[in-house]
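Visitor: Quick one: this structure, given as structure tokens, is what I'll be asking you about.
The values are calculated or read from the model by the stated rules, or taken from the named source; none is laboratory data. Remember, it's a predicted structure, so these values are computed and weren't measured experimentally. Don't worry about glycine lacking a Cβ; one is built from the backbone with ideal geometry, like all the others, and counts go over all protein chains shown.
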Amino acid sequence: MIKTEFDYTEEISWCPGCGDYKILESLKMALSELGLDPKEVVVASGIGQAAKMPHYLKCNCVNGLHGRALPLATGIKASNRSLTVIAVGGDGDMYGEGGNHFIHAIRRNPDITNIVCNNMVYGLTKGQGSPTTEIGMKTPTQPFGVTSKPLNPLLLALSSGATFVARASAADTERTKNIIVKAIKHKGYALIDIFQPCVTFNKINTWQWLMKSTKWLDEERDASDKFEAMRLSMESSPYPLGIIYRTEPGRTFEENQAPYETNDDTPLYARAPSLESVRKLLA
Amino acid sequence: MDMTRAPGSDVAISFCAAAGLGLQTAEDLTRQMLSKAGYYVFSTREYMSRVRGGNNSTQIRVSTQPVRAYVERIDWLFALSPELHSNITENITEETKILADASVMEKEISSLGRKMIDLDLAKRAADLGSPKFSSMIIAGFIAGIFMLKEDSADDLIEKRFSDSDLSEKNKKAFRVGLKLGEEYVEGKPVLKIPDKPGDDEIFLDGNSAVALGSASAGCNYITAYPMSPGTGVFSYFARNAKLFSSVVEQVEDEISAINMVVGAAYAGARAMTTTSGGGFVLMCEGLSLAGITETPVVVHLAQRPGPATGLATRTEQADLELALYAGHGEFPKALYAPVNVESAFKMAGQAFYTAHKYQVQSIILTDQYLLDSGYDIKKPDPSAIPAPISPIKTESGYERYAFPAKGKYVSPFGVPGFGKGFVSFDSHEHTEDAHITEDRSLRKGMVEKRLKKLEAMAEEALPPIVLGPKKYDTAVICWGSVFEPLKEAMEIIGWKKAALVACEQVYPLSDEFCKIISSPCKKIFVEGNATGQFARIVRSLTGEKADELVLKYNGFQFTVEELVRELDKLLEKKS
């Protein structure tokens, strides 16, 4: 593993062989490559195995409630635009409990990067079906097999208006790192759904499955065709990996807010109350 | 028992109409022109949960002395739509002058055994060019019965209608009404103009007061999911986002609303969310998150009757216990209950102050009645609201949850990106530097660290407002918006050795309040709910039981008259 200024020597509680180690490595490499000051980086998460990630990075660690990383991250970014804000979590966290926030965060378009560690199963609560679990997979709470259809996060993101949609793989730290770098540079909401095996609870989507069932798209390809992106999102065998869609981000949530209208980046904590405005309204 | 103030000092006007009829213009103009003319004016609304139709009413009380409460008496009724509700029909007496269009209302009014005065509005308005002028004729009529000058509302009309042609037509309609009104009172105004020191006053309702108080405290991040009656404060902020330089976001649900402000406050914003009971319940987990992460957050909880959807546009005070116990686990919070418009401004500021000083959550409990009621108040001073507390510039090695120094209650508050330290935040039980821990002694220490703040918060708790005789044998206790009707009722009763004790802060309780409660006086709690929630909380905190409860829970605020009846009975009984 390459050493970065984001390394943090806390004991890590993931299972040996977990895909999260690789995603953490890609994230640290990306942050380092971008030359970001760790004090200016906030990694926010919800609850789950992947959501423990902020604790394993040397930066501002924000670990909120299950499913709520996106509203939390949105609030942080809009309060201090100079921070680099990353929201990270698993498929259950972001697409299940946080499904509503996922859709609306995309519509809102805050300048944050959303990393979803998608292992198609619940890990922390021990092996139940998640919103991306394949039909038929037997779990402790679906002993006769999952019956609901898996959600397609890429397609959902595209249809909600996301301007950066990518799928990466824990099996390729270098290419995943490259995507994270581009996502952070993207001035607007960026989704990276990252396939990763759960070595303990998912016996279907294993490391072998990941190698066999995915193919990388050409990194240099033009990804600005939305219909092509939608088609790619619906492909399944093999699943395409890479930047599925990228276009101009348009106005961000922050840019649309009154405090930043005049391009004044002063964080909200440094702004005094506008007593004169109150007096004006009382005149 | 005389139920109201001296005759000739106070006129109660009610307007009734279906939603969407545009009577708002008449109401606003009446309020503004009478206030400008020098009268004391109070206004309150009650409305059905529908966009058009139904039958809504507004009461405007005009008085020669300060007036701040809702009465059941109706002196003048302007009825534009049939099917008046019982809150109106029950209070029509022989004294009530009913003004309406005979073609619309005659049948209904005569079925009530009452007579009406035909204003012939439809025809008069049509003669002027549009049925929309009815509203202006009514406003003019009211100006007439108060014998105001015919140009007394011209500036207000011009302000309302920027189109000069439309403005002229409305002035004409106003004068048509004015003439009718003058003729009706035969040149004798229904009320003398008092000596009111007018310059320094402004009409404010509860919604504006909460918003302006919050803005004065520096609120610069507000979220909401639309829900009556919590939306008014949010709309006020949305309209004035540029002036306040505030982030204003309507979110996808109340869960997002609270989590977003928690994130914002962690990063240093002064953040608030506004909602009603049903939305507040969805916020409870987020409130608990703010609790364990010691993030200063203000929640405006605008109460309406429940359970569930309840009465969506009505008033109640039944979310006090919900607010007190909101959020799983144990963490301190502060509860404020503004008693009137001035108090709404002040308490909003106080809520921010406490939230930031102690890194806790403040809840402002208002209700539909308070938010939709207004009167002229002395212009509040925004600089009287405590200035925001700035975050510290962190040093390397900063720990967000460091155990406080001796004599202190909180860890220094740092924000990410300001200073040399990392500022972290964890919903788990955590170490001093905000990482997950299951260490038993650390857990115990962190629980105690959070709860210890309550000691200082209690010391700083606002004392109750105490009115009436210095020596009293009965305390009539209320919280929130019951205060003004109760105060007027007590004045009418003549106090009878009873004091009025009103709490603007309902948790933690102040020493002053606890002293009153543990004194040997008789205790009567007056609350807008069905079970006496405040009485129950006070008993659980002090061991002192209420002697009597006066409760109301039909969706309407107490009227002055019903409080006079109830309290007169109870205060008679003791002597």
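Visitor: Checking the structure you have, find out if any residue of segment B:433-452 is more than 9 Å from chain A (Cβ to nearest Cβ), in contact (Cβ under 8 Å) with a residue 40 or more places away in the chain, out of contact with any strand residue (DSSP E or B) (no Cβ under 6 Å at 6 or more places or on another chain) and part of a loop (DSSP other than H, G, I, E, B).
Guide: Among the residues of segment B:433-452, not one is more than 9 Å from chain A (Cβ to nearest Cβ), in contact (Cβ under 8 Å) with a residue 40 or more places away in the chain, out of contact with any strand residue (DSSP E or B) (no Cβ under 6 Å at 6 or more places or on another chain) and part of a loop (DSSP other than H, G, I, E, B), which makes the answer no.
Visitor: Another question, if that's okay. If you scan segment B:219-247, which residues turn out to be touching a Phe, Trp or Tyr at 6+ places or on another chain (Cβ under 7 Å) and in contact (Cβ under 8 Å) with a residue 60 or more places away in the chain?
Guide: Correct list: B:Cys219 only.
Residues checked against (1) under 16 Å from B:Val299 (Cβ atoms); (2) under 19 Å from the mean Cα position of the chain (by Cα); (3) among the basic types (Lys, Arg):
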residue	(1), (2), (3)
B:Val210	yes, yes, no
B:Gly213	yes, yes, no
B:Cys219	yes, yes, no
B:Met227	yes, yes, no
B:Val233	yes, yes, no
B:Tyr236	no, yes, no
B:Asn240	no, no, no
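Yes/no per residue for (1) touching a helix residue (DSSP H, G or I) at 6+ places or on another chain (Cβ under 6 Å); (2) acidic (Asp, Glu); (3) surrounded by fewer than 20 Cβ atoms within 10 Å (Cβ to Cβ):
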{"position": "B:Leu371", "(1), (2), (3)": "yes, no, no"}
{"position": "B:Asp376", "(1), (2), (3)": "yes, yes, no"}
{"position": "B:Pro382", "(1), (2), (3)": "yes, no, no"}
{"position": "B:Ala387", "(1), (2), (3)": "no, no, yes"}
{"position": "B:Phe418", "(1), (2), (3)": "no, no, no"}
{"position": "B:Ala434", "(1), (2), (3)": "no, no, no"}
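Visitor: Restricting to segment B:296-334, what's the tally of residues that are surrounded by fewer than 24 Cβ atoms within 10 Å (Cβ to Cβ), in contact (Cβ under 8 Å) with a residue 60 or more places away in the chain and of a type outside the set (Gly, Ala, Ser)?
Guide: Qualifying residue count for the region: 8.
Visitor: Would you please name the residue that is nearest to A:Glu5 (Cα to Cα), looking only at residues in segment A:47-79 that are surrounded by 24 or more Cβ atoms within 10 Å (Cβ to Cβ) and more than 9 Å from every other protein chain (Cβ to nearest Cβ)?
Guide: Among those residues, the one meeting the criterion is A:Met53.
Visitor: When you go through A:Ala190, A:Ala229, A:Ala183, A:Ala168 one by one, which is the residue that is over 21 Å from A:Ala87 (Cβ atoms) and out of contact with any Cys (no Cβ under 8 Å at 6 or more places or on another chain)?
Guide: Step by step, each of A:Ala190, A:Ala229, A:Ala183, A:Ala168 is checked, and only A:Ala229 is over 21 Å from A:Ala87 (Cβ atoms) and out of contact with any Cys (no Cβ under 8 Å at 6 or more places or on another chain).
Visitor: With (1) over 13 Å from A:Leu268 (Cβ atoms); (2) facing another protein chain (nearest Cβ under 7 Å) as the list, and B:Ala269 as the residue in question, which single condition is left unmet?
Guide: (1)
Visitor: Could you check B:Glu460 against (1) within 15 Å of B:Arg400 (Cβ to Cβ); (2) acidic (Asp, Glu); (3) surrounded by fewer than 17 Cβ atoms within 10 Å (Cβ to Cβ) and say which number it fails?
Guide: Failing condition for B:Glu460: (1).
Visitor: If I filter segment A:185-202 for residues that are within 14 Å of chain B (Cβ to nearest Cβ), of a type in the set (Asp, Glu) and either in contact with a Phe, Trp or Tyr (Cβ under 8 Å, 6 or more places away or on another chain) or crowded, with 18+ Cβ neighbours inside 10 Å (or both), do I get at least one hit?
Guide: Within segment A:185-202, not a single residue is within 14 Å of chain B (Cβ to nearest Cβ), of a type in the set (Asp, Glu) and either in contact with a Phe, Trp or Tyr (Cβ under 8 Å, 6 or more places away or on another chain) or crowded, with 18+ Cβ neighbours inside 10 Å (or both).
Visitor: Output the residues belonging to segment B:541-560 that are in contact with a strand residue (DSSP E or B) (Cβ under 6 Å, 6 or more places away or on another chain) and in a loop (DSSP other than H, G, I, E, B).
Guide: Residues satisfying the conditions are B:Ala546, B:Asp547.
Visitor: Looking at this structure, is A:Arg107 assigned to a helix (DSSP H, G or I) and of a type in the set (Lys, Arg)?
Guide: yes
Visitor: Go through B:Gly397, B:Gly327, B:Gly349 for me and flag whichever is within 14 Å of chain A (Cβ to nearest Cβ) and under 30 Å from B:Tyr39 (Cβ atoms).
Guide: B:Gly349
Visitor: Could you check segment B:29-125 for strands (runs of 3 or more DSSP E) lying wholly inside it with 3 or more residues that are out of contact with any Cys (no Cβ under 7 Å at 6 or more places or on another chain) and among the polar types (S, T, N, Q)?
Guide: B:53-63
Visitor: Residues in segment B:147-170 that are more than 11 Å from B:Leu29 (Cα to Cα), in contact (Cβ under 8 Å) with a residue 24 or more places away in the chain and surrounded by fewer than 24 Cβ atoms within 10 Å (Cβ to Cβ): how many?
Guide: Residues that pass the stated criteria total 4.
Visitor: If you go through segment B:73-130, how many residues are surrounded by fewer than 18 Cβ atoms within 10 Å (Cβ to Cβ) and of a type in the set (A, V, I, L, M)?
Guide: Number of matching residues: 6.
Visitor: Then there's this: For the structure I just gave you, tell me whether B:Glu429 is touching a Pro at 6+ places or on another chain (Cβ under 7 Å), within 14 Å of chain A (Cβ to nearest Cβ) and acidic (Asp, Glu).
Guide: Taking the combined requirement at face value, the residue does not satisfy it.
Visitor: Say whether the condition of being outside any loop (DSSP other than H, G, I, E, B), touching a residue at least 12 places away in the same chain (Cβ under 8 Å), touching a helix residue (DSSP H, G or I) at 6+ places or on another chain (Cβ under 6 Å) and at the interface with chain B (Cβ under 9 Å from one of its Cβ atoms) is met by at least one residue in segment A:223-233.
Guide: No, that holds for no residue.
Visitor: Same structure again: Going by what's in this entry, would B:Lys487 be described as surrounded by fewer than 17 Cβ atoms within 10 Å (Cβ to Cβ), at pLDDT 95 or above, more than 30 Å from A:His66 (Cβ to Cβ) and not assigned by TED's automatic domain parsing to the domain that holds B:Asn340?
Guide: For B:Lys487, the condition - surrounded by fewer than 17 Cβ atoms within 10 Å (Cβ to Cβ), at pLDDT 95 or above, more than 30 Å from A:His66 (Cβ to Cβ) and not assigned by TED's automatic domain parsing to the domain that holds B:Asn340 - is not met.
Visitor: From B:Phe413, B:Phe418, which residue is farther than 21 Å from B:Gly532 by Cα, out of contact with any Gly (no Cβ under 8 Å at 6 or more places or on another chain) and within 11 Å of chain A (Cβ to nearest Cβ)?
Guide: B:Phe413
Visitor: If A:Asn263 satisfies all but one of (1) modelled with pLDDT under 95; (2) in contact with a helix residue (DSSP H, G or I) (Cβ under 8 Å, 6 or more places away or on another chain), what's the number of the condition it fails?
Guide: That leaves (2) as the condition not met.
Visitor: Would you please list the contacts, defined by Cβ atoms under 6 Å and residues six or more apart or on different chains, that run from a residue in segment B:248-264 that is within 7 Å of chain A (Cβ to nearest Cβ) and of a type in the set (Ser, Thr, Tyr) to a residue that is in a helix (DSSP H, G or I) and surrounded by 24 or more Cβ atoms within 10 Å (Cβ to Cβ)?
Guide: Correct list of pairs: B:Ser256/A:Pro71; B:Ser256/A:His101.
Visitor: Look through A:Glu97, A:Glu25, A:Glu40 and report the one residue that is within 11 Å of chain B (Cβ to nearest Cβ), in contact with a Ser or Thr (Cβ under 9 Å, 6 or more places away or on another chain) and at pLDDT 95 or above.
Guide: Criteria check complete, one pass: A:Glu40.
Visitor: For segment A:202-231, how many residues are more than 30 Å from A:Gly127 (Cβ to Cβ) and touching a strand residue (DSSP E or B) at 6+ places or on another chain (Cβ under 7 Å)?
Guide: Of the residues in segment A:202-231, 6 are more than 30 Å from A:Gly127 (Cβ to Cβ) and touching a strand residue (DSSP E or B) at 6+ places or on another chain (Cβ under 7 Å).
Visitor: Given segment B:311-429, what strands (runs of 3 or more DSSP E) lie entirely inside it while holding 3 or more residues that are closer than 25 Å to B:Ser216 by Cα and not assigned by TED's automatic domain parsing to the domain that holds B:Ala535?
Guide: Strands (runs of 3 or more DSSP E) meeting the threshold: B:333-336, B:361-367, B:374-378, B:414-419.
Visitor: Same structure, new question: Inspect segment B:490-497 for any residue being over 22 Å from B:Asn340 (Cβ atoms), under 26 Å from the mean Cα position of the chain (by Cα) and touching a residue at least 24 places away in the same chain (Cβ under 8 Å) and give the result as yes or no.
Guide: No: zero hits.
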